[in-house]
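To start, the structure itself, in structure tokens.
Only the coordinates and a few stated rules stand behind these numbers; no lab work does. For clarity, every value in this text was computed on a predicted model and none was experimentally measured. Cβ placement follows ideal geometry from the backbone for every residue including glycine, while neighbour counts extend to all protein chains displayed.
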Amino acid sequence: MASLANFTLTMERAISMQSEMPSEKDVRNILHNVIDPEVGINIVDLGLVYGVEISGNKLHIDLTMTTPACPMGDMILDDARQALAGLLPANAEIDINLVWEPPWSPDKMSEQAREHFGWS
Amino acid sequence: MAVRSGDLGVPFRLPLLILGFASLVSGVLAGLARLGWAVPLPSAQLALLHGPLMVCGFLGTVIGLERAVALGYRWAYAGPLFTGLGGVALLLGFPSSAGASAMVLGSAVLFTGTTLIMLRQRELFMVTMVLGAASWLAGNLLWLTGTGVSGVVALWMNFLVLTIAGERLELSRFLPPSPAAKQIFAGILAVLMAGGILSGTGAGIVMYGIGLLGLAVWLLRQDIARRTVKEQGLTRFIAVCLLSGYVWLAIGSVMLLAAGGLAGVAYDAVLHAILIGFVFSMVFGHAPIIFPAVVRVRMPYHWTFYLPLLVLHASLLMRLAGDGLMLPELRSLGGLLNAAALVLFILNTVSSVIRGSRAGKN
């Protein structure tokens with residue numbers, strides 16, 4: 001099953017019409033499609049995307065979870081990789097990491113997310 | 001699909017889940033035998049082991065596996081390995097001290113792992129989960145050293161109730177903070193711990209019931225499920241499972257307080273209102289998230305997810321009516337349909353995973 005997923009990912013990127021690396025804004029836009037199903041809100045608005053760096057053909061993303069007690073970390077990483085697959089040129093290298101510093105706090109949520117949850 | 005370095009992948013996780021599943025199947029059969037149904041049992045004394053198989057063998061293994069996946073350390077997987085094997089030892093008819101010892105070891109691993117996370121994230125919600133794990137370990141030690149299952153049920157329930165409550169408190173951080181709500185939660189936690197430890201006494205069990213009712217009301221008022229129930233699809237389904245579970249927790253605690261303890265029919269009614277109505281509603285709601293996270297498959301939402309939940313609640317109403325009206329046949333029928341709800345849940349999970357893998361290939 002793992003090799004099928006890798007094959008699919010490789011094919012998607014080979015067929016991808018992209019020849020240039022996306023911008024940081026493009027990456028963040030795509031990551032809006034990665035949703036935390038428990039709350040129904042995407043990881044960017046929840047403040048879980050700590051860093052997006054593009055240098056040459058390398059894309060580096062740092063993600064966090066609201067708590068290390070949550071087992072969903074690797075799955076969210078996979079969802080992020082899948083979401084980005086069509087956006088990247090075939091020779092791009094993606095490096096997505098789960099980081100825990102600084103610890104997540106509610107002030108990292110976006111305005112939309114805070115409004116959604118009733119913060120004034 | 002990569003796992004973090006040092007972590008164990010699906011080939012190791014899936015057998016642990018299967019061990020837990022063996023405890024679930026034999027635990028349910030033992031429960032049906034207790035209700036008078038003529039079911040085949042792997043060993044004669046299994047009817048006495050329904051509680052340990054369900055709480056320690058099944059739920060303990062699943063929760064232990066979740067925590068190991070979250071931690072990403074190999075040693076953490078020893079927890080669900082111990083409890084999974086302990087369940088198998090019980091169902092095969094080995095002396096129960098063998099299975100009980102395995103449960104002590106497995107819960108000690110969970111307690112250690114949860115404490116490590118708490119030391120990194122010193123928040124009330126982590127303390128709650130540590131106390132839940134400690135309650136399980138304490139209950140297992142007491143059971144190993146000769147206390148009957150009925151003497152440790154409050155501690156085992158605290159394991160499940162506090163693990164769930166801790167996770168819900170963590171998620172409530174998405175909402176504007178309410179220092180009052182947090183203080184009330186801490187108070188409820190103290191009452192639950194004291195009541196759980198003193199549940200052998202008349203005052204203790206009443207205190208325990210008050211704690212459970214307090215928690216149910218807190219969750220109904222504070223949990224993000226009040227908002228997420230207005231969303232669509234899977235998010236709404238999870239919220240419906242949560243909210244209906246909280247209602248069952250309230251009903252169970254009110255029954256406990258009305259009965260003044262767990263004597264007679266109250267034992268079956270209160271325990272199952274909480275363990276089926278509350279805990280299994282949580283299981284149904286979180287399976288579509290946790291199962292994919294642990295075994296790395298897709299489990300797409302479908303409206304039919306509601307069907308096992310409906311059967312679960314309807315059958316529980318029937319079972320409790322049988323308890324309340326002193327109609328043992330009604331209780332037994334309700335229990336049989338509880339088992340049917342679990343079968344439906346498993347079939348639903350399998351069919352969703354198949355649908356997910358077909359969609360992935362297209």
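Tabulated results
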read-out	value
Candidate aspartates and glutamates - alpha carbon under 15 Å from A:LYS58, same-chain residues fewer than 8 apart omitted	A:GLU20, A:GLU24, A:ASP26, A:GLU93, A:ASP95
Counting DSSP beta bridges with both ends in the protein assembly as shown, the antiparallel % (nearest 5)	55 percent
Ellipsoid equivalent to the protein assembly as shown - semi-axes via the Cα gyration tensor, in Å	39, 25, 21
In order through segment A:71-85: 3J(HN,Hα) via Karplus (6.51 cos²θ - 1.76 cosθ + 1.60), integer Hz, x for Gly, Pro	x, 8, x, 4, 5, 5, 4, 4, 4, 5, 4, 4, 4, 7, 3
Residue order, fewest to most beta carbons within 10 Å, for A:HIS60, B:HIS272, B:HIS286	A:HIS60, B:HIS286, B:HIS272
Segment B:36-195: C-alpha pair distances exceeding 27 Å, %	27 percent
Karplus-derived HN-Hα couplings along segment A:43-58 (A = 6.51, B = -1.76, C = 1.60, θ = phi - 60°), whole Hz, x at Gly and Pro	5, 5, 5, 6, x, 8, 9, 7, x, 10, 10, 10, 9, x, 9, 9
Relative contact order (%) - chain B, alpha-carbon pairs under 8 angstrom, separation at least six	11 percent
Whole-number Å³ per residue for the convex hull built on Cα positions in segment B:1-47	95 Å³
For segment B:1-41 versus segment A:52-120, the gap between their alpha-carbon centres in whole angstrom	33 Å
Spatially proximal aspartates and glutamates relative to B:LYS361 (Cα-Cα < 14 Å; intrachain offsets below 8 disregarded)	A:GLU12
Largest-first principal axis extents of the Cα set of segment B:234-362 (Å)	57, 25, 21
Pairs of Cα atoms farther than 22 Å apart, segment B:10-115, %	27 percent
Chain B: C-alpha pair distances exceeding 33 Å, %	23 percent
Value of [θ]222 nm, deg cm²/dmol, for chain B, DSSP H segments ≥ 4, -39500 (n - 2.57) each, nearest 500	-25000 deg cm²/dmol
Under 19 Å from A:LYS108, Cα to Cα: lysines that are on another chain or at least 8 residues apart	A:LYS25
Calculated Rg and Dmax of segment A:16-120 using C-alpha coordinates, Å	14.0, 45
